[in-house]
Number of protein chains: 2
Amino acid sequence: MNTKRLGRQSVRFFAPPRLISGAAIVGDVEGEGPLGSCFDIVLADDTWGEESWEKAERKMFEQAVRLALQKCALPVSGVDLLLGGDLLNQIISANFAARELAIPFLGLYGACSTMAESLLLGSMLIDGGYANRVACAATSHFSTAERQYRFPLEMGGQTTPTAQRTVTGAGASLLVAAEDDTKRHFASIRVMGGTIGRVVDLGITDANNMGAAMAPAAADTLAAHLRETGRNAADYDLIVTGDLGRFGSEMFHELCADKGIDLAGKHRDCGNMIFSPQQKVDCGGSGCGCSGVTLNGFLLRQMEEGAVRRMLFMATGALMSPTAGMQGDSIPGIAHAVVLERGE
Amino acid sequence: MNTKRLGRQSVRFFAPPRLISGAAIVGDVEGEGPLGSCFDIVLADDTWGEESWEKAERKMFEQAVRLALQKCALPVSGVDLLLGGDLLNQIISANFAARELAIPFLGLYGACSTMAESLLLGSMLIDGGYANRVACAATSHFSTAERQYRFPLEMGGQTTPTAQRTVTGAGASLLVAAEDDTKRHFASIRVMGGTIGRVVDLGITDANNMGAAMAPAAADTLAAHLRETGRNAADYDLIVTGDLGRFGSEMFHELCADKGIDLAGKHRDCGNMIFSPQQKVDCGGSGCGCSGVTLNGFLLRQMEEGAVRRMLFMATGALMSPTAGMQGDSIPGIAHAVVLERGE
């Protein structure tokens, strides 16, 4: 009986890796939101001086990683492994950033679940002894995502009431082995375990209703996590989903209630936190960057300051594809969860 | 000093996971090639009865996984984790197949390096104690890749002399923990370790010259592997690259010679093996499926039969993107390596 495994989907660590740094870079709209003051860099211009939005997106990814390392005075050469991805086809933001960083790289595609997927994998690789320091990152950009997934921005199309705004932003975290003595920006945050998600699909076909496509996956992963760890929602100070948005969060609460899970004030969604209702972003934020910057800019600070002791960070991905959509397919979802704890 | 790590990029296992099964499904052109008799299923029609090539591609991924499990009489529910990806935007082949299989899933994007990326990650997660049985898979399809990456097939465009033909095929392997007692289709193959690649880019911009884009990454990973493990090429019976093709292989040999690596008859490339010179495929095969089916259909059998004892399987990915290409970017490459050994 292998005790690192709790059931089919969940794992726990006996020498929990430390999450010692985080960095978040966002666009101007995100900077004007309620969390604006928490981010390391707020871009005045969402091309960040580059020739295209795509090039700005990869620059955010690269600079977020560099910034997370700088906070710990760690050179890029001090990191063993880079894990991450983004929403662009062929994850070009991550790939080109990885080229600049020249850190050994494993590319991931989990759509908006990427921040959690990278943290979960990175923690397993550290706890397992295959790496000492791993950088995990995810990025998205409103302007690149709109033209890839929906319509050219120049068209000036109207959004639907269930639409969410893809966050322009990149988040990066630095994980190190328990015994690693790198200078810590966050002194006391550890990754205790997590739950690997399954692809779940209740048949949503509307590319403007991502929250509904992801909510079933979030509920499925949370149910598996609680069942396999023998916990209930009350054992967490906070259960955070990635980017369900307003409508998706309602659906998530209903699905949890159906499964007998009492969220009782424990749940917050990054897509709901990052923009204010006055910002005309319909149902909230979305994209890899949404949970990436909310975690690294805001939530980790909350933990470090002691406001949150144990958090389940569950980034949610809508595995949406224009090609699949045009062929009549629905939008499957996935959610991966990591348990973060503040220790001494 | 953590002895599972050999340098920054390489790892070794002390309880090497076993690779107990493999399955390969290919299209008709691949079936007519020199390895045709090795594959489990050769499609007569490359839509496999589906409405689109994309749906056929995901069916190949799903069925290759199912077939690999069937050879060990293992139900889908007996697998802890599925790792894999493909070349389509948002890795829809893998995502939709993962939905049907309902196995906990971590999506990867390593372009044509995916088969090695999934085996390397899967082995680390098993050796680390986070999973007992992991299915690893990769797929590609000539007709979906052409229209996504180059031109619609209906256009009837001419290929250039350096072009490679994307392999229509899916390969799947089943990894299990050393002590796992699942019935073995391959009795004696183990994953001993591997090397995680870096993104390398020598500035190739021609989407019809993938081999040249990948060769520098293959040489970089091989050099790191030999340096960190203290081995030389002669320690391997076979060093296999994924899909450098004829031209890329020549470049790989030159780059290795520059680094002082003597390949001395040890190197073979899946892209060169899968088609015959008579098949008018220009520089050979490419795509995730190329190394996926050559490994699982041919190379693992060679090992099982004793013809190859120690092999370095190094799948190579061209991180090419139409969007990046249109913005004037070059094509970065990456290569990940796994060490496979025949034991008793």
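The values are calculated or read from the model by the stated rules, or taken from the named source; none is laboratory data. None of the values given here were measured: they were computed from a predicted structure. Every residue, glycine as well, gets a Cβ built from its backbone with ideal geometry; the counts of neighbours run over all protein chains shown. In case anyone asks, the SASA skips ligands and DNA or RNA and just uses the protein heavy atoms, side chains included. Shrake-Rupley method; radii C 1.70, N 1.55, O 1.52, S 1.80 Å.
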GNM top mover of A:GLY306, A:GLY36, A:GLY107 - chain A, alpha-carbon springs below 10 Å: A:GLY306
The correct pairing of chain A residue and whole-Å distance, for the Cβ nearest the axis that maps A onto B, is A:GLY128, 1
Can you compute the modelled spin-label distance between A:ARG309 and B:ALA264, with each label point 7 Å from Cα toward Cβ, in nm? 6.4 nm
Solvent-accessible area buried by A and B, counting both chains, probe 1.4 angstrom, square angstrom: 5200 Å²
Applying 1/(1 + (r/R0)^6) with R0 = 45 Å to the Cβ-Cβ distance of A:LYS280 and B:THR160, what FRET efficiency is obtained, to the nearest 0.05? 0.40
Taking the Cβ of A:ARG310 as the centre, find all other residues whose Cβ is under 11 Å away and add up their charges (Lys, Arg: +1; Asp, Glu: -1). +2
At 0.36 nm per residue, minus the direct Cα-Cα distance, what do B:ASP181 and B:LEU202 gain on full extension? Give it in nm, one decimal, please. 3.0 nm
For the protein assembly as shown, what is Rg from Cα atoms divided by 2.2 N^0.38 Å, rounded to two decimals? 0.87
GNM on chain A, C-alpha springs below 10 Å: top fluctuator among A:ALA218, A:ALA307, A:ALA163? A:ALA307
Cross-link reach from B:LYS71 to aspartates and glutamates, straight Cα distance under 12 Å and at least 8 residues apart if same chain, gives B:ASP40
Tell me, what HN-Hα J-couplings in whole Hz come from the Karplus equation 6.51 cos²θ - 1.76 cosθ + 1.60 at θ = phi - 60° for each residue of the range B:59-68, using x for Gly and Pro? 5, 4, 4, 4, 5, 5, 5, 4, 5, 4
Net charge within 10 Å of A:SER321 by Cβ-Cβ distance, Lys/Arg positive one each and Asp/Glu negative one each, not counting A:SER321 itself? -2
In whole angstrom, how far apart do the alpha carbon centroids of the range B:70-137 and the range B:191-269 sit? 25 Å
Please give the contour-minus-distance gain from B:HIS253 to B:GLN327: 0.36 nm per residue of separation, less the Cα-Cα distance, rounded to one decimal in nm. 23.6 nm
For A:ALA234 and A:GLU32, extending 7 Å from Cα along the Cα-Cβ vector and measuring point to point gives, in nm, a value of 4.3 nm
What distance in nm lies between label points placed 7 Å from Cα along the C-beta direction at A:GLN302 and B:GLN70? 4.9 nm
Pick from B:ILE41, B:ILE261, B:ILE239: which is most flexible by mean-square fluctuation in a GNM of chain B where alpha carbon atoms under 10 Å apart are linked? B:ILE261
Mind running the shape call on the range A:66-133? Use the C-alpha gyration tensor, a ≥ b ≥ c as the square roots of the eigenvalues: rounded below 1.5 for a/c, prolate if a/b tops b/c, oblate otherwise. oblate
Quick one: dipole size for chain A, taken about the Cα centre, charges +1 on Lys/Arg Cβ and -1 on Asp/Glu Cβ, in debye to the nearest 20. 920 debye
To the nearest 500 deg cm²/dmol, what mean residue ellipticity at 222 nm is calculated for chain A from DSSP H runs of n ≥ 4 alone, each contributing -39,500 (n - 2.57), summed and divided by the residues? -9000 deg cm²/dmol
Can you list residues from other chains, or at least 5 along the same chain, whose modelled amide H is less than 5 Å from the amide H of B:ALA335? B:GLY197, B:ARG198, B:GLY317
Against the 2.2 N^0.38 Å scaling, with N counting residues, where does chain A land? I'd like the Cα-based Rg ratio to two decimal places. 0.90
